[in-house]
Structures are given as C-alpha cells and as structure tokens.
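Below: the structure, in structure tokens.
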Amino acid sequence: MGKTIRLTMAQAVAHFLNAQKTIIDGKTVPIFAGVWGIFGHGNVAGMGEALYQVREELPTLRAHNEQGMAHAAVAFAKASFRQRFMACTTSIGPGALNMVTAAGVAHVNRLPVLFLPGDIFANRIPDPVLQQIEDFGDGTVSVNDAFRCVSRYFDRITRPEQIISALKRAMQVLTDPVDCGPVTLSLCQDVQAEAYDYPASLFEERVWATRRPRPDTDELAAAIETLRKARTPLIIAGGGVLYSQATAELQAFAETHGIPVAVTQAGKSAIADDHPLCMGSVGVTGTSAANAFAEEADVILAVGTRLQDFTTGSWALFKNGGVTMIGLNTAPFDAAKHDSQPLVADAREGLKLLSQALGGWSAPSASTQTANSRKGEWMAAANRATAPTNADLPSDAQVIGAVQRSIGGENSVLVCAAGGLPGELHKLWQAKKPGGYHMEYGFSCMGYEIAGALGVKLARPEADVVVMVGDGSYMMMNSELSTSIMLGQKLTIIVLDNRGYGCINRLQMGTGGANFNNLLKDSMIAVMPDIDFRAHAESMGAVAVKVSSIADLETAIEQSKGNDRTSVIVIDTDPLITTEEGGHWWDVAVPEVSPRSEVNKARIAYVKARAAQALG
Ligand SMILES: Cc1ncc(C[n+]2csc(CCOP(=O)(O)OP(=O)(O)O)c2C)c(N)n1
Ligand SMILES: [Mg+2]
C-alpha cells in the first residue's frame, strides 16, 4: 500500500480542491478560484475547519445569501469560459435548498459549479437534527435530493472513503465539454468530521486541459455536402462558440465563406456586433436583419447552441420548408435536435475542419450584399430606439443607449438576466469583445444580476462590470451588492424602476389578460409602495444616485467612474415601451376558453400562429 495521509473527509475535500490546476495563457493556476461559504451546524465544524487550513491558497468568500453566492459562482464560470470555476459550501436544510435555484441556472446554462451542501447525519443517531425534514416512508431522503434534477452528477457521501471516487468523478464532469454542469456532493455532517487514511496521491497536483473532440469523418463529409449546396445559408452562434474560444474561427469562417451570422443570447459577443456579417440577435428578441435570414435560410449551421425557444421562435421562425439544420455541437444531445444533421465536435475544431474542406467555396455573393442592406436598415431602427430623449419617462432602449455611450466600450462586460431588459439588450447592445455581453437567459433567473456581476468581476478584475437590472429583480435579490463592497469588487449598477414586472405585464396584455398582479399599481395594495432604491443601495455601502433624465444618467455614469466602490444609479422608466422593430412570435399558451373577449381574440391569433410551428 502506498503512502497515506490521515485527514477528515472535509479536509480531504479542501486539500483535493486546492491541488486541481489548469493552464491559462501559459500559466498554471488553481482551477478552483475559491470557495463561497455560508456556515451553519451542517458545515462549520467540518468544511469550515478544513477550509481554514487552506485559506491562503484556496480563499473562502463569505456571502449574504446562498443563492446569491451560487449565482456568483455560476457567473464566474461563464465569464471564465468554463476554464475555471468555484465551489459553494452550505449548511443543511434551508442553506442547502437556497442553492437549488442557482444549481438550476448552472444546469440549464451548462456551467461548472461544485455544490457542497451539508447533509443530515449518516449515522442517524441524533435524528431528526435541526433543519432535517422527515420522510415517513423513506429514511434516505433529505432536502438535498432536490439537487438531483439540477446536477449533472449528484452524490451523497455517507462514508469518508466515498469521497475519493466522488471527487475524481466531480472533476471529470466539471471539465468535460459534453457533461459540463453543476456537481453536487452532499456531505453528511458527521462524515465531514470523520478521519480516514487517504492515499497521498489524491492530493498531488493535477493539471486539467479542455478536451476538443474532433468530428466523425462521415458526419463532417455530410455537413460539407449540405453546405456546398446552400444558396441562403445562415450561421447561428450560441454560447458554445465562446466556451470553445472559437470566436476567431467563427469570424474567419463567416468571412471566408460569405455567410451571415446571427447570435443567441448566450452567443452574443462571439462575433463583434459591428462586424459587417454580424446580423445581431436572432429569434423572439431578434433583429429584423437576422430574422429575415433565418426565415429564408435553406441551410442553418447552428454552432454551440441549445436551440431554446427564444432562438427558434418556438420552431416557427424558420420558414423555408426545405431548411436543413447542421448541429455543430460537442453534445450529441444538442447536435441532433429537431432532426438536425449532427456534427458532433468542439466548435473550434469543427469550424476549422469544415472551412478547410470547403476550400474556396462561398455562399452566393447576394448573401453578403443583402446582409449589408439588412444590417443598415436594422441599425437605423436601433439608433432611433436608443437615441436620447427628453421624455419624462425614458424607455429601456434609451437607457441602454446612454449606458452604451458612456461605459459600453471595449473594456466593459454588461450583465443582465431577467425582465424586459434581456430582449432589448439582445437587440440593441453592441458587444465589442468576446464575453463583453453576459446574459443569463437559460433560466432567466431574477436576482442573478448583481450576484452574477460579482462573479464576473472576480473572473475579469480588469473589466468595467456594468449591471442593468429592473426594480423587480433588484427587489428579489440584492444582498451581494454589499458583498461586492466588502470584497472591494467595484460594479456599476443601473436600476431601471418601472414600478413592477413590466415585461410580464406586457405579456399579460398580449395574451388578452387584464392588467393584474404585475405592476405594483395593478396589485393588491393597502399602501402604494414607493421604494427608494437609491437610499437602499446607499445603506448597503454603495455610492448611489437617482437621476431623472437620459442626459443626467450619462453624467452620473461618467462620475461613477471615479468612485472607489460599487455605484448604483437609479432611473425611473416607462413600463410600456419596447423596441417595435424585429422580434418574432413565441409560444405562450393562451386559454382556450375565457369570459374575456380579449382572451378569445388572442386565442384565435395564437392558434393561427401555431400553424407555423415545425414539429420536430
Ligand atoms: C426567479 C424568477 N421569478 C419569476 C420570473 C418570471 N419573470 C420574468 S421577468 C419578471 C419581471 C421582472 O421585473 P423587473 O426586474 O422589474 O423587469 P421589467 O419586466 O419591469 O423590465 C418576472 C416576474 C423569473 N424570470 N425569475
Ligand atoms: Mg420593473
């Protein structure tokens, strides 16, 4: 038997995490940038003691809300293009469950995060412990079973030696481009503290690299044949292009073969928005230019995208009956969606090999000319929407224009997640550099914005991290604003206060519903809320101002650049105005029967629109 080291299970976890490395820009760095932790009885004595031992090399960061810290970890992984990540430790019960929503965010977006919730006693002696639920019929159930559906790999550690294989499996999943997603190792409280003679080899430095699967010869040949026949091809670029760091190859591919590119929410910034072949956002929140190409495309090369309904217009966007979709994706699950012709491969390798094989082939030159004119028309519409105004209540688009002009340069990362802003930003934001647009639109999780921005800042300390957040999302979760100040990580946060859930209110109106329970004014209220976001942000330590015009907003953003800490700028906006141009229908089921004539009317339009959906 080889050399062993006697450690508790929790100490083994801490030392193991500390030994995992990766190479970034030629330098070996820890693959875990740190561990977020909120302690309780379920982890303070075990994981808490263990993390203290390694705190110099593997920092522990204290947060204010478990969901918030987990959002920060998710965002860190996304902003690091999945090359580095973080772990999150909590107590049992509510602390653990608070992370489940964030695990969902990581799962949907295919982002690596290691969740380490504490769990009930494996020996069951003190049962039921504080915060333990009791299942009458199943003694093995704890709240952490809720992580199963939002984990790529879930394990419950009931004996100290189980952690040996669990940790190795965790690393495989976290670093695998196909499996990539959240891992939950549920650490029973008593087992965290139990000692075991672990093999010393477990704690030896291990350097991880990104695997880049090459395509199958036949799949590649088939894709080439399809592309060569294309008359009106379109590339749809998703987040996979960024994670594969294939942005240069994407641009070269588009230029060499004269194919316009449309981007999903996760794929925006994979090609600069001002590139002549970038048609901008596609789908429900798409530009008129990208959607026109999508509607008539005979071949769509879908690179690194999950093809969620916002991208496909609930599968009603692609109107060319003979369209063939080539699914270039590392995950066979995504590559084959909707009868796509699969091309299972890493995006960078796939694009390179496709391009080599296509040689001098390019799409009919009409494509490039049409791209120019469609883009010109779209940009004129976008400029009208974002132009400054003196209106009492500006639109989201006008605020976006001001933010772009004052802080939306090459060095900025724009962070957003939910509300009306994602649609407007997808259409209107001009992303300059890969990763400069950070939208969480897989889960579109309200409350991600500020916590997520903190994770982005930790990953990209040199960047100007700018958050645009609605009043609803701000109210749902803002506690990591204080953490950003505590950690000295400056964010610039723009709060758009339209006094309610503006986008859902508009959706409600669009589906024939009465204005009900979305805007504060339409909700059950004894006293109309008048929330002072500026004062709130200031009370958390931010430099906070409220502005009342677009001009003042631009001045305030300029001034905030000199601030030494997180700055919050609040502006009242109009809940009803959105950018009319572009966009596409999506499937939101309208009631089949209703006493409201508006609903009946909306239902007729809905049934008609559904006829365009392709059944895949
Ligand atoms: C956690 C969570 N709960 C509910 C929703 C559904 N939802 C999407 S946007 C939205 C309203 C957002 O309000 P706000 O942040 O003020 O943005 P606005 O719509 O006003 O632009 C709601 C309730 C969600 N996406 N996430
Ligand atoms: Mg709002």
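Per-structure values
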{"item": "Along each principal axis, Cα extent of the range 332-434, largest first, Å", "result": "56, 33, 30"}
{"item": "About the Cα centre, charge dipole magnitude for the range 474-616 (Lys/Arg +1, Asp/Glu -1 at Cβ), debye", "result": "480"}
{"item": "Shape category assigned to the range 291-369 from the gyration tensor of Cα positions, a/c cut at 1.5", "result": "oblate"}
{"item": "Exposure of residue 412 as accessible area (Å², to 10), given a probe of 1.4 Å and all protein chains", "result": "10"}
{"item": "Radius, Kirkwood style, for the chain when every pair of distinct Cα atoms is counted (Å)", "result": "25.5"}
{"item": "Fraction in percent of alpha-carbon pairs per bin - 10 Å, the range 21-152", "result": "13, 40, 32, 12, 2, 0"}
{"item": "Leading residue at positive end of dipole, the chain (Cβ point charges), from 302, 379, 501", "result": "302"}
{"item": "Solvent-accessible ranking of 460, 152, largest area first, probe 1.4 Å", "result": "152, 460"}
{"item": "Residue (of 614, 579, 512) at the positive-pole extreme of the range 504-616, dipole from beta-carbon charges", "result": "614"}
{"item": "Nearest-10 value in Å² for the accessible area of residue 148, using the 1.4 Å probe", "result": "120"}
{"item": "Residue 570 long-range amide H proximity, modeled H, under 5 Å", "result": "495, 545, 546, 547"}
{"item": "Given charges at beta-carbon only (K, R positive; D, E negative), |dipole| of the range 388-443 in Debye", "result": "220"}
{"item": "Accessible-area order (highest first, 1.4 angstrom probe) of the listed residues 135, 218", "result": "218, 135"}
{"item": "Farthest toward positive dipole pole in the chain [+1 Lys/Arg, -1 Asp/Glu at C-beta], among 483, 322, 227", "result": "227"}
{"item": "Total formal charge among the other residues, if their Cβ is under 11 angstrom from that of residue 157, Lys/Arg +1 and Asp/Glu -1", "result": "-3"}
{"item": "Overall form of the range 380-527 per C-alpha gyration tensor (a/c, 1.5; a/b vs b/c)", "result": "oblate"}
{"item": "Shape category assigned to the range 493-613 from the gyration tensor of Cα positions, a/c cut at 1.5", "result": "prolate"}
{"item": "Net charge contributed by nearby residues that have their C-beta within less than 15 Å of residue 134 (K/R +1, D/E -1)", "result": "-4"}
{"item": "C-alpha long axis of helix 448-459 to longest principal axis of the chain, angle in °", "result": "70"}
{"item": "The chain, helix-only ellipticity at 222 nm - DSSP H runs n ≥ 4, -39,500 (n - 2.57), divided by all residues, nearest 500", "result": "-10500 deg cm²/dmol"}
{"item": "13 Å beta-carbon shell around residue 558, net charge (K/R +1, D/E -1)", "result": "-1"}
{"item": "Ranking by accessible area, most exposed first, for 346, 530, 138 with a 1.4 Å probe", "result": "530, 138, 346"}
{"item": "Rounded to the nearest 20 debye, dipole of the chain from Cβ charges on Lys, Arg, Asp, Glu", "result": "960"}
{"item": "Residues whose placed amide H lies under 5 Å from that of residue 22, excluding near-sequence neighbours", "result": "29, 31, 208"}
{"item": "Sparse-neighbour loop sites [chymotrypsin sites (Phe, Trp or Tyr not before Pro); the range 452-518; at most 16 other C-beta within 10 Å; DSSP]", "result": "516"}
{"item": "Largest-first principal axis extents, alpha carbons of the range 177-217, Å", "result": "51, 23, 13"}
{"item": "Filtered GluC sites (Glu not before Pro), the range 515-583: DSSP coil and at most 10 other beta carbons within 10 Å", "result": "580"}
{"item": "DSSP-assigned coil residues among trypsin sites (Lys or Arg not before Pro) in the range 1-95, each with at most 15 further Cβ atoms within 10 Å", "result": "3, 55"}
{"item": "Solvent-accessible area of residue 586 with every protein chain in place, 1.4 Å probe, in Å² to the nearest 10", "result": "80"}
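The values are calculated or read from the model by the stated rules, or taken from the named source; none is laboratory data. Model, not experiment: these values are computed from the prediction. Backbone-built Cβ (ideal geometry, glycine too); neighbour counts: all protein chains shown. All accessible areas refer to the heavy atoms of the entire protein, side chains included, with ligands and DNA or RNA removed. Shrake-Rupley method; radii C 1.70, N 1.55, O 1.52, S 1.80 Å.
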